[in-house]
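The values are calculated or read from the model by the stated rules, or taken from the named source; none is laboratory data. Model, not experiment: these values are computed from the prediction. Cβ sites come from the backbone with ideal geometry, for glycine too, and all protein chains shown count toward neighbours. Please note that ligands, DNA and RNA were not included when accessible areas were found on the heavy atoms of the full protein model with its side chains. Shrake-Rupley method; radii C 1.70, N 1.55, O 1.52, S 1.80 Å.
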Amino acid sequence: MGIAGEIADDWQAALAALVWLGEAGADEAISETALNRYDLAPEPSGPRVAAAPSPDVPVPADDPVGAARASAAAATTLEELRAAIARYPHCDLKKGARNTVFADGNPAARVLLLGEAPGADEDREGRPFVGRAGQLLDRMFATIGLSRTSPDAESALYITNVMPWRPPGNRDPEPAEIAMMLPFVERHIALVDPQVIVVLGNTPLFALTGAKGILRARGTWTQALGKPMLPMTHPAYLLRNPSAKREAWADLLSLQARLR
Ligand code: URA
């Protein structure tokens, strides 16, 4: 084989390795030396939330859900809840995440959007829905006059996720991971106290109702945590299935009518 053949082989091997790494969940190159995130001390500044002092609540070490319940119940403000989540040690997703992604938008909003979990962009920025799906989400809700940047509660959105940490390779969160973060989600919704909840996709639908099958559930109002809840398809699904945007538009109109 000549040099040209070897270069072609190297190139193809490198491409195959890259594709394989991508499928395995490695979607960014950070440095040539591996970083052991278990050894990292919390960053002193930036979007990462500083660890807050432990509240005076008994935290059973062998009961992650009980520990989450106790910690969430002790949070009386959104800032306390943010700190409680950042401090929660039982979810392994935290070890691989750069940021605890808490929320975005206006806490006075009438509408709370509940997504699934941060992706790579959100993990990097520390805010929910800032990648491609997030940009579509912003455009979708803008069509009915709602925005996460609105200072006016009437036209504002508040956005959070079931999981505050990015699952590796954007896999679906596991039921045990959802169960241990659910007390924080419930407390989060209670503290924001929105008029309506919109769940985006299967994970938040399952978290709040135990039901599966967003494609069947979407568009039908139901109740969760004592509030009207509208299930909608996730914007990432709409990016992959543009024909489903027609139904998403109907759901947006249903939301608009409910808010009038
Ligand atoms: N998908 C989600 O469900 N949440 C995000 O924050 C980003 C993508």
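With the Cα gyration tensor of the stretch 197-243 giving a ≥ b ≥ c as the square roots of its eigenvalues, does the rule (a/c under 1.5 for rounded; else a/b larger than b/c for prolate; else oblate) give rounded, prolate or oblate? Prolate is the answer for the stretch 197-243, as a/c is 1.5 or above and a/b outweighs b/c.
Quick one: if you take sqrt(5λ) for each eigenvalue of the C-alpha gyration tensor of the stretch 100-259, what semi-axes come out, biggest first, whole angstrom?
Working: eigenvalues 80, 61, 57 Å².
Here the semi-axes work out to 20, 17, 17 Å.
Hey, any idea what % of the stretch 100-259's accessible area is carbon plus sulfur with a 1.4 Å probe? Can you show the working numbers first?
Working: 3230 of 6450 Å².
In the stretch 100-259, the share of accessible area belonging to carbon and sulfur is 50 percent.
Taking θ as phi - 60° and the Karplus parameters 6.51, -1.76 and 1.60, the scalar couplings of the stretch 90-97 work out to 8, 9, 5, 4, 4, 5, x, 9 Hz in sequence order, x denoting glycine and proline. Normalised by 2.2 N^0.38 Å, where N is the number of residues, the alpha-carbon radius of gyration of the stretch 80-130 equals 1.19. Amide H of VAL198 versus every other amide H placed in the peptide plane: which residues, excluding those fewer than 5 positions away on the same chain, fall under 5 Å? Amide H neighbours of VAL198: LEU112, LEU113, LEU114, LEU230.
If you average the sequence gap of Cα pairs under 8 Å that are 6 or more apart and divide by the length of the stretch 212-260, what percent do you get for the contact order? Working shown, then result.
Values: 35 pairs, mean separation 15.7, N = 49.
Answer for the stretch 212-260 is 32 percent.
For the stretch 100-259, calculate the relative contact order in percent as a whole number, restricting contacts to Cα pairs under 8 Å that are 6 or more residues apart.
Values: 286 pairs, mean separation 41.5, N = 160.
The value is 26 percent.
Cross-link partners for LYS94 among the lysines, with Cα-Cα distance under 26 Å and sequence neighbours closer than 8 places in the same chain left out: LYS212.
Charge tally for THR203 (other residues, Cβ to Cβ under 12 Å; Lys, Arg +1; Asp, Glu -1): -2. Count Lys and Arg as plus one, Asp and Glu as minus one, and take only other residues whose Cβ is under 14 Å from that of GLY219; the net charge is then +3.
Give the residue from ALA156, GLY210, ALA176 lying farthest towards the positive end of the charge dipole for the stretch 100-259; charges sit on Cβ (+1 for Lys and Arg, -1 for Asp and Glu) and the dipole is referred to the Cα centre. Most positive-ward Cα: GLY210.
Please state the charge dipole magnitude for the stretch 107-260, taken about the Cα centre, from unit charges on C-beta atoms (+1 on K and R, -1 on D and E), reported in debye and rounded to the nearest 20.
Details: 18 positive and 15 negative charges, 91 e Å.
Dipole about the Cα centre, nearest 20: 440 debye.
Accessible surface computed residue by residue for the stretch 100-259, with neighbouring protein chains in place and a 1.4 Å probe, gives 40 Å² per residue.
Using DSSP to define loop residues, name the trypsin sites (Lys or Arg not before Pro) in the stretch 199-233 whose beta-carbon has at most 13 other beta-carbon atoms within 10 Å. Intermediate results must be reported in sequence, preceding the final value.
Details: sites: LYS212, ARG216, ARG218; in loops: LYS212, ARG218.
Sites meeting the loop and neighbour criteria: LYS212.
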